[in-house]
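Before any comments, here is the structure.
The values are calculated or read from the model by the stated rules, or taken from the named source; none is laboratory data. Computed from a prediction, not measured in an experiment: that's the story for all the values here. Don't worry about glycine lacking a Cβ; one is built from the backbone with ideal geometry, like all the others, and counts go over all protein chains shown. For the accessible areas, the whole protein counts, side chains as well, though only heavy atoms, and no ligand, DNA or RNA atoms are used. Shrake-Rupley method; radii C 1.70, N 1.55, O 1.52, S 1.80 Å.
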Amino acid sequence: MKDTIVTKALETNSFASNAASAAYINPILWVKTIEDFAKAKVVMEPLGKKIMNLFGVAGTQANEQFDAEITASALTESTAIVPSALSYTQVTYTPSEVGLAVAITQKEKVRSINDIMADKAMAMGYALAKKLDQDIFTALDAASVGTAVTPGGVAISAIASSDTLTTDAIADAIAGIRGKDYEAKYLVIHPAQEKALMKLSQFVDASVYGGREVVMNGEIGRYLGLRVLVTTLVPANATTATAKNAYVLDQDAFGIAWKQQTSFRDDYKVLEREHILAATRDYAVKVRLVNKIARIVAYA
């Protein structure tokens, strides 16, 4: 007689996780934190001049005046001095509002696993900061800057994958600003240009001289004396979509005139049982001094 092998099996009436009534007693657990969305570095506001003349007072626009240099010359003993012509220029700031809002019903508010309004308040603050950086780049891109550079002097329309950010291009941009009696302090680039820069031998990584705080603020290092800031908000070049406009800047090359800084207002609609949160800002961005700006157009 042959031995019979009996395979192991569940006992009769063993309660398994796939039983029809298991769903009644097996809980579904939710992680009580929601993973935040990816955020671009917002880096531009500290590089500009904050103009508060309109803040908290009546008025629709602010004018900032700039003096022009006068020069001395050699004199002739018998000839009267000719008075120098005086001239001024100005930039006009006309602030306008930007903002956004979110809404949630009372019924949902008391059922969610987290404080939705608190989460969205932080997200709204970031959205306003991002909008400001985008407005600054729009102003910079529209300006006829003091110095314009491309790698090797190639035409912008002809920029190819070999025309990446180079030491020569950055040095030319620095020289363009210094040649107009200003200082070059910052280099703002897109992450797509970062690889070419980091391969340059004299690039100093921010981890060498700064801590986590520096890197979190978008500064990745220093090169040729410039603080290098990286953000995905740098727009593509208008002529060549595969190129980006990197900028070498002096401090206060542009200005931000504030009529109202970030304002949060909430409202509860009683009959509709709905909570609304709105956030607004009121400002204008203008290029102040084009000679403090050098634009480098390079492949990205």
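Filter the stretch 273-286 down to the residues that are assigned to a strand (DSSP E or B) and among the basic types (Lys, Arg) and list them by number.
Arg281, Lys286 - these are the residues of the stretch 273-286 that are assigned to a strand (DSSP E or B) and among the basic types (Lys, Arg).
Taking the condition of being part of a loop (DSSP other than H, G, I, E, B) and either under 26 Å from Phe66 (Cα atoms) or not aliphatic (A, V, I, L, M) (or both), how many residues in the stretch 215-272 meet it?
15
Note down all Cβ pairs under 8 Å where the first residue falls in the stretch 17-42 and is free of Cβ contacts under 8 Å to residues at least 12 places away in the same chain, the second is hydroxyl-bearing (Ser, Thr, Tyr), and they're at least six residues apart or on different chains.
So the pair list comes out as Asn26/Ser17.
Testing Gln202 on (1) open to solvent by 40 Å² or more (accessible area, probe 1.4 Å); (2) modelled with pLDDT under 90; (3) within 28 Å of Asp119 (Cα to Cα), one condition comes back false. Which one is that?
Result: Gln202 passes all but (3).
Looking at Ala74, is it open to solvent by 90 Å² or more (accessible area, probe 1.4 Å) and either assigned to a strand (DSSP E or B) or of a type in the set (A, V, I, L, M, F, W, C) (or both)?
So Ala74 fits the description; yes.
Taking Thr4 and the conditions (1) of a type in the set (Ser, Thr, Tyr); (2) open to solvent by 80 Å² or more (accessible area, probe 1.4 Å); (3) assigned to a loop (DSSP other than H, G, I, E, B); (4) modelled with pLDDT of 75 or more, which numbered condition does it fall short on, given that it satisfies the others?
(4)
Return the residues of the stretch 205-231 that are open to solvent by 30 Å² or more (accessible area, probe 1.4 Å), within 20 Å of the chain's Cα centre (by Cα) and either more than 14 Å from Leu187 (Cα to Cα) or modelled with pLDDT under 85 (or both); say none if nothing qualifies.
Arg212, Glu213, Val214, Val215, Met216, Asn217
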